Amino acid sequence: MTVAAYDAYADWYEAFATDTSNDYMTQVRSRLRDLLGAGSGRCLDLCCGTGLQAAELRALGWHPVGVDLSAGQLRHARPRLPVARADAAALPVADASVPAVACVLAHTDVPDYPAVIAEAARVLAPGGRFVHVGVHPCFTGAFADRSDRERIVIDGGYAERERSFRAWSPHGVRVRVGAWHVPLADLLNAVTDAGLTLVRTAEAGLGPVPDLFAFLAIRPA
């Protein structure tokens, strides 16, 4: 089972995500809204953390249900949506039972994100939607120095997939909980390997170099 790295930082993360990173989270919710679109029925919020996407999912018409391994994060999430404590790579959910799954800002928090995508594909009903919103694999990570928004400096660490606590900012999430890097090819190959059809991709960010990468994938009917 994946280690619940956020337990020790749940209170800090709640304040960080709702205050310090408010502009960034607005960008995140915009990508989620554009790609997922309106719908009805359950939407699994995988690795839901403190449940910050619940209001956006409800506004789109979905009934969000959060899944996360961190008891500390779920303590903040429970007032926002129904939750279950579980590993996203081993979901306690029946096959082909939900019309939508979203995973937001979490692929660097698990050691095997392709396994998470495979689980998302398993629980999706035919025609169901899977939306991923995450840090950009090419421009954000231990290998990227983003101290100058106009120019990102990339080093050879892009090829490394191990967990790293290295980060250009000493005040952010990664120096606390670390991150597993998933190169872009690995991320996209995991979608097709899971039997999903990639429909749309998007890049976004607060500066000229994108720091978010998102996509919509569909389980074939």
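The values are calculated or read from the model by the stated rules, or taken from the named source; none is laboratory data. In this text the structure is predicted, and so the values were computed from the model without any measurement. Cβ: placed from backbone, ideal geometry, glycine included. Neighbour counts: every protein chain shown. The accessibility values were calculated without ligands, DNA or RNA, using every heavy atom of the protein model including side chains. Shrake-Rupley method; radii C 1.70, N 1.55, O 1.52, S 1.80 Å.
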Hey, rough spin-label estimate for VAL175 and ALA90, points 7 angstrom out along Cα→Cβ, what's it come to in nanometres?
-> 3.5 nm
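May I ask you to give the percent of accessible area on the stretch 89-195 that is carbon plus sulfur, with a probe radius of 1.4 Å?
Of all accessible area on the stretch 89-195, carbon and sulfur atoms account for 55 percent.
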Can you tell me the relative contact order of the stretch 62-129? Whole percent, Cα pairs under 8 Å, sequence separation 6 or more.
-> 32 percent
Shape category assigned to the stretch 1-107 from the gyration tensor of Cα positions, a/c cut at 1.5 = oblate
State, to one decimal in nm, how far the label point of VAL199 lies from the label point of VAL153, with both points 7 Å from Cα in the Cβ direction.
-> 4.2 nm
Roll a 1.4 Å probe over the protein chains and send me the accessible area per residue for the chain in Å².
-> 44 Å²
Share, in percent, of DSSP beta bridges within the stretch 91-204 that are antiparallel, nearest 5 = 40 percent
Carbon/sulfur fraction of accessible area - the stretch 1-51, other protein chains in place, 1.4 Å, % | 47 percent
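Quick one: compute the contact order of the chain, relative version, from alpha carbon pairs under 8 angstrom and 6+ residues apart, as a percent.
20 percent
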Using Cα pairs closer than 8 Å and at least 6 residues apart in sequence, work out the relative contact order for the stretch 129-200, in percent.
-> 25 percent
Please find, in a Gaussian network model of the chain (springs between Cα atoms separated by less than 10 Å), the residue of HIS171, HIS181, HIS76 whose mean-square fluctuation is greatest.
-> HIS171
For the stretch 100-151, what class follows from the C-alpha gyration tensor (a ≥ b ≥ c being the square roots of its eigenvalues): rounded when a/c is under 1.5, otherwise prolate if a/b is larger than b/c, else oblate?
-> prolate
Where does helix 22-36 land angle-wise versus the long Cα axis of the chain, in degrees 0 to 90, nearest 10?
-> 40 degrees
Nearest 10, in degrees from 0 to 90: the angle of helix 184-193 to the longest Cα principal axis of the chain is 10 degrees
Can you work out ³J(HN,Hα) from phi for every residue in the stretch 52-58, in order, using Karplus 6.51 cos²θ - 1.76 cosθ + 1.60 and θ = phi - 60°, giving whole Hz and x for Gly and Pro?
-> 6, 8, 4, 5, 5, 5, 5
With at most 13 neighbouring Cβ atoms within 10 Å, loop GluC sites (Glu not before Pro) (DSSP) excluded, longest segment of the chain = 1-149
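Subtracting the Cα-Cα distance from 0.36 nm times the residue separation, let me have the gained length for GLU162 to ARG58 in nm, one decimal. Please report the intermediate quantities before stating the final value.
Values: separation 104, 0.36 × 104 = 37.44 nm, distance 3.55 nm.
Answer, rounded to one decimal: 33.9 nm.
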